[in-house]
Number of protein chains: 2
Amino acid sequence: MKIGILGGGQLGRMFIQEALKYDDEFYTLDPASDAPCHNISHFTQGSFNDYETVLNFGQDKDVVTIEIEHVNADALAELENQGVKVVPNAKIIKTIQQKILQKEFYKTHDIPSPEFEIMDGSSDEIKIQFPFVQKLNTGGYDGKGVQIIHSSEDLRNLWTEDSVLEKLVDIDKELSIIVAINENGETKTFPVTEMVADPKLNLLDFNICPVFLSENVENQINSITSKFLKAVNSPGLFAIELFLDKEGKVWVNETAPRLHNSGHQSQEGNANSQFEQMYRAVKNLPLADTDTFTFSGMLNIVGAEGFSGKVIYEGMEEVLKLPKTYIHLYGKTETKPGRKMGHINVLADSREELMEKLVKVKAIVRVIA
Amino acid sequence: MKIGILGGGQLGRMFIQEALKYDDEFYTLDPASDAPCHNISHFTQGSFNDYETVLNFGQDKDVVTIEIEHVNADALAELENQGVKVVPNAKIIKTIQQKILQKEFYKTHDIPSPEFEIMDGSSDEIKIQFPFVQKLNTGGYDGKGVQIIHSSEDLRNLWTEDSVLEKLVDIDKELSIIVAINENGETKTFPVTEMVADPKLNLLDFNICPVFLSENVENQINSITSKFLKAVNSPGLFAIELFLDKEGKVWVNETAPRLHNSGHQSQEGNANSQFEQMYRAVKNLPLADTDTFTFSGMLNIVGAEGFSGKVIYEGMEEVLKLPKTYIHLYGKTETKPGRKMGHINVLADSREELMEKLVKVKAIVRVIA
C-alpha cells in the first residue's frame, strides 16, 4: 500500500521504522531537504501547508496521514472528496489545529477542559480572571504560542492574534493518554503517562509510565477518553494531554491528532508502541495490545544552550553501557538550543528505580556542536 | 558513519530498521534490484561475489559488514589493506564460507564438532562410516548443499565437488547460540535457543527461547562459546549452531559469521535484539544486554508449495488480533515455494503456552500467490 505522510520529522521516521515490519511503501512531504524521513522513504521536498502541494502529493496514495497537525486541511478535505483515504480525517485535523474550534469541540461534547473565552476581535472586554493562559488560535507548537497573563499590567504583553484565553489550572500533575480508533470503530488506549516538564524549555522532560492514580481520577480519565472516542468521528491515533489539578479534578489541556512525544516510552515499555498502533489505525487493521511489562520512562535529548551547528552527542557510549536503556536519535545533523534531537527510553522494576535511572542518564548526556 | 553492507536481504533490512535509532548512513550491495534493502538504504545493484564490485563499493565506507557470508572475501581483505574497517574481518569470513576450513578451524581450536574427513580429490578412498553427511565446501545455504549418505548404494548420489564428509550425529535437539565480540574484546552471548526444523524444507520452523538444559550441557556450551570467542580473532556477531546428541554431548554443527534466523525472536523477546548487538559490534560500541523477559519463539513464514508470483498473505489480520504476537515481513513482492518471506515472533509466560501459540499461528498463516 502507498502510504503518504505529511511531515518528514522524527515522528514520521519512527513510524516508518516500526512499519518496516510490513510490506508498504512510504512517501513523505517536508520542506526541509534533510528531514529525518528523507532517506528512508520516497521523499518530496515541499510545504505541507500549501494546498496544491498537498493535493498533488496525496492524489496517487492509498492513504494519507500526518505526523504534524499544522498542515493544509482544505487540501486533505479535497483529497477525501476525490476518494483518497485520509487518517485522521480532514475535519478533526481542522478542529484540533485551531485552538478555538478545539475548545468548542470539548464544550459541545461535554469533555472537561478549563473555562475559557475567545479573543477574536469581536469584543474588547476581557472577562476571564487573572491569572489566565493565552493560547494562539493557530501556530502553537512545543510550548510556543502559549503564555501566562498574571495581572492587568501583564496585559500589555497580550498577543493581538486570535486566541483562547483559558483559566490557569493549579496543576498537581500533567498526564497524557494515547488513544486509537480504527475505521471499524475498534478502540484501544495506552496506559496513562505522567509528564514532568522542564520549566525553562517548556518541552517535555521525562515521561513516566504507568502512573498510580486514585480510582476517582481513573474514572474521570476513562470518561474523558470514552467521550473523546465517541465524538472524534475519525480513525486515527490521538494524544490527549491532561491536567490533574490539586483538588483531584482532571481537565483536558489539549489534544494532538497524531503520534506524540508523551508516547515514546511505549517503544520498549509496552507490548506494542504508539507507532505500531498508528500503523494499524491508518490501515484499519485490528488494534494492537498495549500491555505494560514494566515501569518505563523517557527523557528528551535536546540541544544544549549555547551550541548551534553540526551535532555532537556527549556521553552516549556511557549510556549504551546501561542495561535496559535505549537511545533513539532522529537523524538530525544540526543542533540548536532546545531542538529535539532524540530521546532515551529506560525500563525499571519500580518508579523509584526509574526516576533514579532517568536522572542519571540526564546527567550523562549533552548535545553540543 | 557510512556503513556498507554486502547483501540487501531481510537480515540487512532488519539490521537497518533497528539501527535507524542512531545517526548513520547505510549502503547496501545486492544483485536483485528489488532486494529488501533497496528502498531503505543507498542501494547499489551488483554482485557481492565480484572482486571489483565489492572493492568499489567498500572504498568510501567507514566500515563494511555482511548479511550473507557468500561474498568476495579477497576484496574484503584488500579493503582492509586499504584501511577500511571490515566486520567481521575477511579472514574469518573466508574460513567460515569454506566448510573444509571451518572444520579445520574447530579442530585447531579444540572446539567439538562431528568427526569428519575431507573429500577434495586427494584420495579416492572414503574411510568414514555410513551414515554420513556430505556438506559441499562452498555454496551451501538454507539447507542446500547438504545431504545424508546412508549406505554404499547411496554413494552414486555423492556430489563430486569438494566436500566435508561428516559423521551423522544422533540428534536430540538442535540448539543455537548467538555471540558477539567487539574490537575492544568485550563479549556477550544471547540465551540458547532451540530450533525445531521442518523436515521437508530443511529450514528452521520454530525457534524457542530460553531452553532448559542440564548443567552439564550448559557447561559444554559455555566452553564452546568461550573457545570460539578466543579463536575467532575478529569483531562481529556470530551464530553457532549446535547439536545436542542423545548421549548429552554438544557438537558444533556450523557457524554463521552474521545475523541469523535463529536469533529473530530476540526482536521482542530480549532486552536487545541480535540486530542491535550487530550494530554495536560493527561500531565497536559497548555491547548490549541480552536479558530475556519472557518465553519467546519464532515461526518462519515461507512460500507455500504450488504458489509462485505476486505474494498474498492469508490470515494476517487474524494473527494481528493475537496479543504479544509480532509479524515481520521482509518486503519481498514475489513468493515461491519455500522462500522465506517473513517471520512471526510470539511471547508467552511458559514453554507450553509458547508452543500452543506457535502451532496456532502456523495453522492460520499461508503464503500464496
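The values are calculated or read from the model by the stated rules, or taken from the named source; none is laboratory data. Just so it is clear, the model here is predicted, and its values are computed rather than measured. Positions of Cβ are generated from backbone atoms using ideal geometry, with glycine treated the same way; all protein chains shown enter the neighbour counts. Please note that ligands, DNA and RNA were not included when accessible areas were found on the heavy atoms of the full protein model with its side chains. Shrake-Rupley method; radii C 1.70, N 1.55, O 1.52, S 1.80 Å.
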Count - residues of the stretch B:319-329 that are more than 8 Å from every other protein chain (Cβ to nearest Cβ) and within 26 Å of the chain's Cα centre (by Cα): 2
Members of the stretch A:341-358 that are open to solvent by 30 Å² or more (accessible area, probe 1.4 Å) and either over 23 Å from the mean Cα position of the chain (by Cα) or not aliphatic (A, V, I, L, M) (or both): A:D349, A:S350, A:R351, A:E352, A:E353, A:E356, A:K357
Single residue of the stretch B:324-340 satisfying the filter (within 12 Å of B:I301 (Cβ to Cβ) and in a loop (DSSP other than H, G, I, E, B)) that is most open to solvent (accessible area, probe 1.4 Å): B:R339
Residues being within 28 Å of A:N300 (Cβ to Cβ) and open to solvent by 50 Å² or more (accessible area, probe 1.4 Å) - total across the stretch A:174-196: 4
Helices (runs of 4 or more DSSP H) completely within the stretch A:1-120 that count 3 or more residues being free of Cβ contacts under 8 Å to residues at least 12 places away in the same chain, open to solvent by 20 Å² or more (accessible area, probe 1.4 Å) and outside the structural domain of A:Q274 (by TED's automatic domain parsing): A:99-108
Among the residues listed as A:I96, A:I118, the single one being at pLDDT 90 or above, among the hydrophobic types (A, V, I, L, M, F, W, C) and closer than 23 Å to A:L244 by Cα: A:I96
Single residue of A:G297, A:G248, A:G263, A:G269 found to be within 13 Å of chain B (Cβ to nearest Cβ) and not polar (S, T, N, Q): A:G269
Residue that is within 14 Å of another protein chain (Cβ to nearest Cβ) and more than 20 Å from the chain's Cα centre (by Cα), where the choices are B:F15, B:F43: B:F43
Any hit, the stretch B:278-287, residues being more than 13 Å from chain A (Cβ to nearest Cβ), within 30 Å of A:E314 (Cβ to Cβ) and either within 22 Å of the chain's Cα centre (by Cα) or buried (at least 17 other Cβ atoms within 10 Å of the Cβ) (or both): yes
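Return the residues of the stretch A:299-316 that are touching a Pro at 6+ places or on another chain (Cβ under 6 Å) and free of Cβ contacts under 8 Å to residues at least 60 places away in the same chain; say none if nothing qualifies. Steps first, please.
Let us first name the residues in the stretch A:299-316 that are touching a Pro at 6+ places or on another chain (Cβ under 6 Å), namely A:303, A:305.
Of everything in the stretch A:299-316, just one residue is touching a Pro at 6+ places or on another chain (Cβ under 6 Å) and free of Cβ contacts under 8 Å to residues at least 60 places away in the same chain, namely A:E305.
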Unmet criterion (only one of (1) over 12 Å from A:V367 (Cβ atoms); (2) facing chain B (nearest Cβ under 10 Å)) for A:M316: (1)
Matching entry among A:I118, A:I96 (being in contact with a helix residue (DSSP H, G or I) (Cβ under 8 Å, 6 or more places away or on another chain) and within 12 Å of A:V232 (Cα to Cα)): A:I96
